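Where a number appears in this text, it was derived from the coordinates with a stated rule and is not lab data. Here the structure is a predicted model, which means the values were calculated and not measured. Every residue, glycine among them, receives a Cβ derived from its backbone with ideal geometry; neighbour counts consider all protein chains shown.
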Amino acid sequence: MPVAADLQPLLDAMVEARNTPISEASPEDRRALFDEMFGPGGAEMGSVTDRVILGGDGDDLPVRVYRPTGVASDGPVVVFFHGGGWVIGNLDTHDEVCRAIAATSDVVVVSVDYRLAPEHPFPAAVDDGYAAVCWVAEHAEDLDVDAGRLVVAGDSAGGNLSAVVSMLARDRGGPDVAFQFLIYPSTDFDYETGRWPSLEENATGLFLELDTMRWFRGHLSGGVDLGGDPRAAPIRAASHEGLAPAHIMVAGFDPLRDEGLGYAAVLNSAGVATTTALHPEQVHGYWNLAALVPSCGAAREADLASLRATIAALPAD
């Protein structure tokens, strides 16, 4: 099955525009390009509030709180971590995504502007992610949300952080995570052994390429073996028992497809209720491309419908 027909022209244009090898690109250049591609906007909200909380290093950590018009008092909350390989991305690049989640699920969303590498290498983003989830749980009354219905969500690197934060919450005695919504997550850093065939099958010509993942890994690592630390590679954890139920979305034309499916299998084997959604004609990044490409929008709508049903079924305290 080929990539979705309406997506191929955009992929062709992106490949043609890549006149600088990723190995020669700077984080600043890639951030500027990502910012140019994906700016703020989207569904109208009752309120959108930028706040500053304490991050994992005790310094300021920006978050953005989305509250749809008429959202129920003391309702569920989604803590969202943006994608971008831990190097690029910010609150604005995923503003439209967070608005879509809030609007379709009628839920408060708290988006986290965690520290980026290489200025802040691993585990800075993890520390910020856990600090943010703790803050949301501790300030549930102020946010007018139910800490017992706390969902973690994110795409790509944000999916990785959601999975890792869920494990930290389990291992550190809280806060309780009710559900993990993992959008084409990175779950491993093994790009050399052939463990995940999709890395080579989908290595080039797509929204995300294998060399880009290696570039992200190099900036993130700070000299640490990321594959040896479950805070970076959650699939490598000694145990996955007792984690929150999960829904994992993967794209057929994504280098990370197989490790996403592999993580779902590991969770199910550990007794964690986990479902998957495979979009065979889609690429990594289809959530961000939803406003540009109809087939990407349809795939995201299917994912959002699943999230909406899950959130609606969460039992209130």
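Placing +1 on the Cβ of every Lys and Arg and -1 on the Cβ of every Asp and Glu, with nothing else charged, gives the stretch 8-313 a dipole about its Cα centre of roughly 540 debye. Can you give the angle from 0 to 90° between the axis of helix 257-269 and the longest principal axis of the chain, with both taken from C-alpha atoms, to the nearest 10? Approximately 40 degrees, to the nearest 10. Amide H contacts for Gly154 (H built 1.01 Å from N in the peptide plane; partners 5 or more residues away or on another chain; cut-off under 5 Å): Phe81, Phe181, Ile183.
Of all DSSP bridge pairs formed entirely within the stretch 46-138, close to 70 percent run antiparallel.
For Tyr184, Tyr130, which order do you get if you count the other beta carbons within 10 Å of each Cβ and list the fewest first? In order of increasing Cβ crowding within 10 Å: Tyr130, Tyr184.
Taking max minus min of the alpha-carbon positions on each principal axis, the stretch 18-148 gives extents of 50, 32, 19 Å, largest first. Remark: the Ser26-Met1 segment gains 5.5 nm on full extension, using 0.36 nm per residue and subtracting the alpha carbon distance. Fully extending the segment from Arg214 to Ala72 would add 46.8 nm, taking 0.36 nm per residue of separation and subtracting the current Cα-Cα distance.
Cα axis of helix 294-313 to longest principal axis of the chain: angle in degrees, 0 to 90, nearest 10? In the chain, helix 294-313 runs at an angle near 30 degrees to the longest axis. Dividing the helix sum by the residues of the chain, where each DSSP H run of 4 or more adds -39500 (n - 2.57), gives a mean residue ellipticity at 222 nm of -11000 deg cm²/dmol.
Peptides 240-246, 282-288, 304-310 ordered by packing proxy, namely the average of other Cβ atoms within 10 Å per residue, highest first: 282-288, 240-246, 304-310. Loop-resident GluC sites (Glu not before Pro) (DSSP state other than H, G, I, E or B) in the stretch 1-76 with no more than 16 further Cβ atoms inside 10 Å of their Cβ: Glu44. Centre-to-centre, using Cα atoms only, the stretch 113-184 and the stretch 24-55 are separated by 18 Å.
Take every pair of alpha-carbon atoms less than 8 Å apart whose residues are at least six positions apart; their mean separation over the length of the chain yields a relative contact order of 18 percent. The HN-Hα couplings worked out from phi for the stretch 222-236 by the Karplus form 6.51 cos²θ - 1.76 cosθ + 1.60 (θ = phi - 60°) are x, x, 8, 6, 5, x, x, 10, x, 6, 10, 10, x, 5, 8 Hz, whole numbers, x standing for Gly and Pro.
Mean-square fluctuations from a GNM of the chain, with a 10 angstrom spring cutoff on Cα atoms, peak among Glu301, Glu209, Glu119 at Glu119.
Counting only Cα atoms, the chain measures 50, 41, 37 Å along its principal axes, largest extent leading.
If a spin label sat at a point 7 angstrom from the Cα of Arg172 along the line to its beta carbon, the backbone N atoms of the stretch 213-256 nearer than 13 Å would be those of 231. Ranked by the mean number of other Cβ atoms within 10 Å of their residues, highest first, the peptides 247-259, 153-165 fall in the order 153-165, 247-259. Suppose we keep just the DSSP beta bridges with both residues in the chain; what percent of those would be antiparallel, to 5? The answer is about 30 percent antiparallel. Full extension of the chain between Met37 and Asp60 gives 5.6 nm of extra length, using 0.36 nm per residue less the Cα-Cα distance.
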